[in-house]
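Okay, structure first, notes after.
Every read-out reported here was derived from the displayed coordinates using simple, explicitly stated rules and does not represent laboratory data. Nothing here was measured: the structure is a model prediction, and the numbers come from that model. All Cβ positions, even for glycine, are placed from backbone atoms using ideal geometry, and neighbour counts span all protein chains on display.
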């Protein structure tokens, strides 16, 4: 019987999940803009960073990237009127954990109740 070296087994085990089919389409890597970044929550609760679909893990990484810039850029949160509240709450939890300090809500006027 052949005994495989432990380092080779560990390396192969690490690669196996990467070979599994993705449940979401793979997108081009999003980058942080040094001036302003837009986080949109689409009607289907998908996250978009400056127009590119991202995952929650990618959001956390992008926020870490933004706060490491010399001048932290403004983060604009734009939830679609058709998105779930839970999707916005989950994104806000990630934003809070990242310690972003420049956050603006855009499009709130869509949710205003008309005054009488």
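Here are the numbers for this structure:
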read-out: Residue count for region 63-116, restricted to those that are assigned to a loop (DSSP other than H, G, I, E, B) and out of contact with any strand residue (DSSP E or B) (no Cβ under 7 Å at 6 or more places or on another chain); value: 15
read-out: Scope region 41-53; condition buried (at least 16 other Cβ atoms within 10 Å of the Cβ) and either within 17 Å of residue 74 (Cα to Cα) or touching a helix residue (DSSP H, G or I) at 6+ places or on another chain (Cβ under 7 Å) (or both); matching residues; value: 41, 45, 47, 48, 49, 50
